[in-house]
Amino acid sequence: MLKKLLHYDLLYIYKYVGIFYILALIFSIISRIFISIDNSTIFNILGSFCGGLAVGMIISSLINAIIRSWQRFIKNIYKDEAYLTHTLPVSKRIIYASKVISSIICAFTTVLISIICLIICYYSKSTIETIKTLLELASNTLNVNVINLLLTIFFIFFLEIIFVILIGYVGIIIGHKYNQNKLTKSIIVSFVLYMLTQTITLIIIFITAIFNKDIMNLFKTVEVINFNIIKKIIILFIILYIVYNVIYYLIGEKLLNKGVNLD
């Protein structure tokens, strides 16, 4: 049953987000063609313009992937399809898991498409050499190899996206327990949860800095940067976001299991 739920959830999300994928790829290819024409200022300008449009489509696809996931959650659990959803021979845990997994899959594919489009638009020997130099400089100072550095950047960004999605789900569930202004209250609850979590993160970093003088010194001076401390902070952020994601997933699952108020 989870497989079938995932099929329909992904179909709903990709039916809209897929348009931005196609547009991003089209503009990326056109940009590449124009930029590849040598000694032509006009085509270079058009290529840059199309490249900007491709980036715009990439950003739009990511934003709409998240929003479309939330829309599917509301429509399927609280609005048009709610009565059918809640009569299915499947637990609310499975329904919730389907929504979370489908949104994570969509976020992953969106990031993947974004990388492909950026490569199409901006790949060149000079660009690769510049990126390689920057990555090697960062990897040497942080004492990690380039691949691990890229994976770390991707993983942190991905965790942040999941974090935002899960907070949105929890906000929707809490907001729809009220009888009026459900969407407005869902947005307010999500925003409050986000700010509260970020405040907790700052408090944890501050407490950690109290017991670690190196971290405290990092905030006191910018003249000398200890990259070993930066590595520890990056690891701390990864751990925190993993913990946050697990907590918000469990909170959302528990709240949904308590029942829903259909619109």
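Annotation: residue 87 carries an accessible surface of approximately 100 Å², with a 1.4 Å probe and no ligand, DNA or RNA atoms counted. Against the criterion of solvent-accessible heavy-atom surface with a 1.4 angstrom probe, 190, 102, 91 sort, most first, into 91, 190, 102. Solvent-accessible surface of protein heavy atoms, probed at 1.4 angstrom with all chains present, puts 192, 17, 90 in the order 192, 90, 17, largest first.
Legend: distances between Cα atoms for 99/232; 15/99; 3/182; pairs beyond 24 Å are 99/232; 3/182.
Per residue, the solvent-accessible area of the range 1-123 (1.4 Å probe, heavy atoms of protein chains only, all protein chains present) comes to 54 Å².
Computed with a 1.4 Å probe on the full set of protein chains, the accessible area for residue 48 sits at about 80 Å².
The values are calculated or read from the model by the stated rules, or taken from the named source; none is laboratory data. These numbers come from a predicted model, not from an experiment. Side chains are part of the model used for accessible areas, which takes the heavy atoms of the whole protein and leaves out ligands, DNA and RNA. Shrake-Rupley method; radii C 1.70, N 1.55, O 1.52, S 1.80 Å.
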